[in-house]
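Working notes, structure below.
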Amino acid sequence: MRITELFDNGEFVVTAEVGPPKGIHVGHLVDEAKEYLSGITAVNVTDNQSSVMRMGSLPTCVALKNVGLTPILQLTCRDRNRIALQSELLGAAMLGIENILCLTGDHTKMGDHPGAKPVFDLDSVSLLHTACQLEKGVDLSGQALVGEPPKFAKGAVVSPCSNSVDAQLVKMERKVMAGAEYFQTQAVFDSEKFIRFMEKAKQFGKPVQLGVIIPKSAGMAKFMNNHVAGVHVPQRMIDALAADKERAKAGITGVEIAAQIIKECRPYCQGVHIMALGWEAKVPEVLKLAGI
Amino acid sequence: MLITELKNKEVIQCQLRGKVFVLVCHGCKEVHFPEQEAEELIQELSAAGSVTGTLVTDYICNPEILTQRLQKHEAAIGDADTLLVLSCGVGVQTAADKYPGKRVIPGCDTYRLPGFQGVTPLQYDCQQCGECYLNLTGGICPLTACSKSLVNGQCGGAKNGKCEVDPNMDCGWERIQKRLESLGRLDALKCPVQLRNYATDSELDKE
């Protein structure tokens, strides 16, 4: 199922995100996803997230699909040139993966193989364009594909709370021009900023899923403020997390914060995307508390 | 070593607006410059009455030399709406930075040749990619100012205007965004999807 069909039906689309392991055993990931993420629309599978080498997104997507979940293949341009990316997209279509999220990707220097060659032959915009070309039955060099072309729901990301929000809006427009059909955002902790962003972003007419991270501690919030682009946790939330460490550790404070942001932003967006970062078990609680 | 080649005349013409000052750099001994073609282009533009002045010089990659050489031409540059720079990519960036409020257009593509590269100040860099983007980016090179060399806009990795890779490095695309905004040229970012052509990377690889 392509998630664009749900957006078209006016549904509020809920997705979450899992990261493949650094190893060959996906049993734990699949079990957790089945237990906690079966009730939502689809599950993103990250592509060597933060440039840390792990098992690939595509095989993990297949493992999730095999147990009845709808995976979204994240595809970055960091590790593959245009030949490998097109090849991966064709493989995904053959394996029945219909939802993709096209990203530029973090720089190799950010991860655990900092000496690796950063590829970036394509970027998020040209990757979306590439997927559209394949859907038309031709590859990037204009050669015809054999047989029925693939068809994807093509997603992209945008960072609404970035200090460079104007540059982000320009890029968002370029992604729409290139074929993006839905957007997931970087984690939002400032509802007002998100709502102001959506006032400008709605002109593009594409569904936007609010990005949410469940904050685990005051330390994590401060770390994100210092190191994670486009993420800013307001001081009052850091204070709330610091006020009762046991409550924060048990996830109660984080779940409350995440649910509150979803409630405040829900009227302005078309879905929510939860990046649980290992707290997949908390996703049902967040949604319940947010009234979804 | 590098070779500069004049861009297609139509490509240059459609970038020019109003009156034009033409800055030509015959460069250093490491540069092969299309002198005759440049001369023809200048004559054509002059015949059309749109040229406020021309300066043929060398080493415009050096901001101090450039400032010195242009002293006598400031009035003519002030009268011009477009500064057309026929030089390697470094020269264009030096000129664009000297005149941040001026529409600066590169007239050449710069190709790499094996061997010694010209002596250039470190703050501007040209990858000699053979398909100069500087007309789309306000004279700031996305290949060298962005650590991912992105050609379709900013990634999500900028924090407080700095690059995710190096907190001392300004995000190149934020600089481009601000430059284009101050020039009133944000429309340049609505250009078609850009795909780099690595087959033009070297003059020697060309057919």
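The values are calculated or read from the model by the stated rules, or taken from the named source; none is laboratory data. Please read these numbers as outputs of a predicted model, since none were measured by experiment. Here Cβ is always computed from backbone atoms with ideal geometry, including for glycine, and neighbour counts include all displayed protein chains. With ligands, DNA and RNA removed, areas are computed over all heavy atoms of the protein, side chains included. Shrake-Rupley method; radii C 1.70, N 1.55, O 1.52, S 1.80 Å.
Tell me the per residue accessible area of chain B using a 1.4 Å probe; a whole number in Å² is fine.
45
Averaged across the residues of B:157-166, what count of C-beta atoms belonging to other chains lies within 10 Å of each residue's C-beta?
6
If we count every other residue with Cβ under 10 angstrom of residue A:116's Cβ, Lys/Arg +1 and Asp/Glu -1, where does the sum land?
Neighbour charge sum, excluding residue A:116 itself: +1.
Which lysines, if any, have their Cα less than 28 Å from the Cα of residue A:65, not counting same-chain residues under 8 positions apart?
Output for residue A:65: A:22, A:34, A:136, A:151, A:154, A:175, A:206, A:282, A:288.
With a 1.4 Å probe and all protein chains kept in place, how do A:65, A:175, B:29, A:109 rank by accessible area, largest first?
Largest accessible area first, the list is B:29, A:109, A:65, A:175.
Put B:32, A:227 in order of accessible area, largest first, 1.4 Å probe: what do you get?
A:227, B:32
Can you give the accessible area of residue B:187 in Å² (nearest 10), computed on protein heavy atoms with a 1.4 Å probe?
Only protein atoms counted, so the area is about 100 Å².
Based on the alpha-carbon gyration tensor of region A:237-282 and its eigenvalue square roots a ≥ b ≥ c, which shape applies: rounded if a/c is under 1.5, prolate if not and a/b is larger than b/c, or oblate?
oblate
With all protein chains present, calculate the accessible area of residue B:65 using a 1.4 Å probe and round the result to the nearest 10 Å².
Roughly 40 Å² of residue B:65 is accessible to a 1.4 Å probe.
Over both sides of the B-A contact, add up the buried accessible area with a 1.4 Å probe and give it to the nearest 100 Å².
In total, this chain pair buries about 2500 Å².
May I ask which residue of A:167, A:188, A:59 lies farthest towards the positive end of the charge dipole of region A:3-289, with charges of +1 (Lys, Arg) and -1 (Asp, Glu) on Cβ and the Cα centre as origin?
A:167
Please work out how much accessible surface residue A:38 shows to a 1.4 Å probe, ignoring ligands, DNA and RNA, in Å² rounded to 10.
The value for residue A:38 is about 70 Å².
Expected output is a single nm value to one decimal: the length gained when fully extending between residue A:81 and residue A:117, i.e. 0.36 nm times separation in residues minus the C-alpha distance. What is it?
Difference between extended and current length: 11.8 nm.
Multiply the residue separation of residue A:203 and residue A:138 by 0.36 nm, subtract the distance between their alpha-carbon atoms, and state the gained length in nm to one decimal.
Difference between extended and current length: 20.4 nm.
At 7 Å along the Cα-to-beta-carbon direction for both residue A:250 and residue A:34, put a label point, then send me their distance in nm to one decimal.
3.0
Name the residue farthest towards the positive end of the dipole of region A:3-289 from the options A:210, A:226, A:9, assuming +1 on Cβ of Lys and Arg, -1 on Cβ of Asp and Glu, about the Cα centre.
Ranked along the dipole, the leading option is A:226.
Please compute the per residue accessible area over region A:3-289 with all protein chains in place, 1.4 Å probe, rounded to a whole number of Å².
41
Roughly how many Å is it from the Cα centre of region A:208-244 to that of region A:124-198, as a whole number?
Spelled out, the Cα-based centre of one part sits 26 Å from the other.
Antiparallel DSSP bridges in the protein assembly as shown: what percent, to the nearest 5?
Close to 15 percent.
Can you sort A:216, B:148, A:263 by 1.4 Å-probe accessible area, starting with the largest?
Sorted by accessible area, descending: A:263, A:216, B:148.
I need the calculated FRET efficiency for the pair residue B:199 and residue A:289, taking r as the beta carbon distance and R₀ as 51 Å, to the nearest 0.05.
The pair residue B:199/residue A:289 has a calculated efficiency of 0.40.
Quickly rank B:96-107, A:94-105 as a protection proxy: mean count of other C-beta atoms within 10 Å, highest first.
A:94-105, B:96-107
What percent does the relative contact order of region A:98-241 come to when contacts are Cα pairs within less than 8 Å and at least six residues apart?
In percent, rounded to a whole number, it is 20.
Report, in deg cm²/dmol and to the nearest 500, the calculated mean residue ellipticity at 222 nm for chain A, where each DSSP H run with n ≥ 4 adds -39500 (n - 2.57) and the sum is divided by the residue count.
-12500 deg cm²/dmol
How high is the relative contact order of chain A, given as a whole-number percent (alpha carbon pairs under 8 Å, six or more residues apart)?
Answer for chain A is 18 percent.
Pairs of Cα atoms under 8 Å, at least six residues apart: use those to get the relative contact order of region B:120-191, whole percent.
30
Could you check the simple spin-label distance between residue B:81 and residue A:235, using points 7 Å along Cα→Cβ, in nm with one decimal?
Each label point is offset 7 Å from its Cα along the Cβ direction, giving 5.0 nm.
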